Amino acid sequence: MNAAENAANVPTARYLENEAAEVLIARGRTASRADNTRKTYATGWNNLAQWASANGVSALPADPMDLVRWLATLIRQGKKPTTVRTYLAAVAERHSSRPEPNPAHDPRVREFLAGMTRTCVAEGCTDRQSAPLRWSHIERIIDTAHLPRHNQPRGRVETAEQAAQRALLDIAMIALAHDAALRCSELLALRWMDIEAPEKTELHVVRIRRSKTDQTGQGAVAPISDFTAQALAEIRPDDADPQERIFKISPSTVTRRMRAAATAAGIDPTNITSHSTRVGLAQDLAAHGINMAGLMQAGRWKSVATVIRYTEHLSAHDTPVGRYLKTQHHQTPRR
């Protein structure tokens, strides 16, 4: 190859090198967030794009006051404050590589968000917390799980065999999610090889290979009770592949089954979600006197505020003050 051909190939080589770098950058940015976050970001951005198109304004770049009007529309539609903030974060990301100031960071947009938050707090429309599924609730679920339900096509009742199979799965899933404080994504990612048998008198442990707060994949382990280990053994196939997922269901099915189990046990299912077992474990541990460091370790929480929020509705008699007062034997005041 002569000098002229070499010179002609230099721009091409540089272009391919730059293109490869851009691909790597895009892949890195995509992988930096959890699947659910990426999906929510995509939903948020698509929502703005559709709103902008319907209102004849630009989504990219967006005008700050258009963003304020869009956010107000989301609030009127009943979107939760956390959802609104996440949607705005998606818009901020889309504008992050543009030369002009990011409209999502405009003072007028921030002022609207602050006012929205204060208004929601005053009107009691803040995000609802998942109702707890504490171990006392799970015991009630265990006692009623085997009762046949009207959940077959056309409202037919389960056979005794169908009820037994469904009950075993429900019990194992709910007990495991509680003991290991599993997020729904962590629960559904588990494989049989992640349940590790104990050495001598120690407890079984579950290995959590990746989680919402562990994006680098360092992993964590959490102990589970002998009861939960036995419940898992009850549903494990004899020829189970270690690589096989334990629960082959969707996130919405996890919530649906937890609510159905709660209803059968006489527990109000209104605010039961796949997060209820995490809230339940936090409250169980707090009632048992576990300190903040222990609570954060158990749930793999990074924020003290989250733990406080999960335990703030702990029954009064289970709080440290309640436990203290039950130890006091003051004489009844005389009149």
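Counting only residues that are within 16 Å of A189 (Cα to Cα) and among the acidic types (D, E), region 227-286 holds 2 of them.
Test of understanding: among L295, L314, which residue is surrounded by 15 or more Cβ atoms within 10 Å (Cβ to Cβ) and at pLDDT below 80?
Step by step, each of L295, L314 is checked, and only L314 is surrounded by 15 or more Cβ atoms within 10 Å (Cβ to Cβ) and at pLDDT below 80.
Taking (1) closer than 21 Å to D66 by Cα; (2) at pLDDT 90 or above; (3) part of a loop (DSSP other than H, G, I, E, B) in turn, R110 satisfies each apart from (3). If the condition is being without any contact (Cβ under 8 Å) to a residue 40 or more places away in the chain, within 27 Å of R209 (Cβ to Cβ) and not in a helix (DSSP H, G or I), then region 290-313 contributes I290, S303. Filtering region 74-87 for residues that are in contact with a Lys or Arg (Cβ under 8 Å, 6 or more places away or on another chain), modelled with pLDDT of 90 or more, surrounded by 15 or more Cβ atoms within 10 Å (Cβ to Cβ) and within 30 Å of P251 (Cβ to Cβ) leaves a non-empty set.
Does region 182-194 contain any residue that is exposed (fewer than 15 other Cβ atoms within 10 Å of the Cβ) and either touching a helix residue (DSSP H, G or I) at 6+ places or on another chain (Cβ under 9 Å) or more than 20 Å from A145 (Cβ to Cβ) (or both)?
Yes, some residue in region 182-194 is exposed (fewer than 15 other Cβ atoms within 10 Å of the Cβ) and either touching a helix residue (DSSP H, G or I) at 6+ places or on another chain (Cβ under 9 Å) or more than 20 Å from A145 (Cβ to Cβ) (or both).
A Cβ distance below 8 Å, combined with a sequence gap of six or more or placement on separate chains, defines the contacts here; from region 36-63, residues that are touching a residue at least 60 places away in the same chain (Cβ under 8 Å) reach residues that are in a helix (DSSP H, G or I) in the pairs N36/S185. Considering region 157-181, and only residues there that are within 19 Å of G299 (Cα to Cα) and of a type outside the set (A, V, I, L, M, F, W, C), the residue that is surrounded by the most Cβ atoms within 10 Å (Cβ to Cβ) turns out to be H178.
The values are calculated or read from the model by the stated rules, or taken from the named source; none is laboratory data. Values in this document were obtained by computation on a predicted structure and should not be read as measured data. Neighbour counts are summed over all protein chains in view; Cβ atoms, including those assigned to glycine, are modelled from backbone coordinates with ideal geometry.
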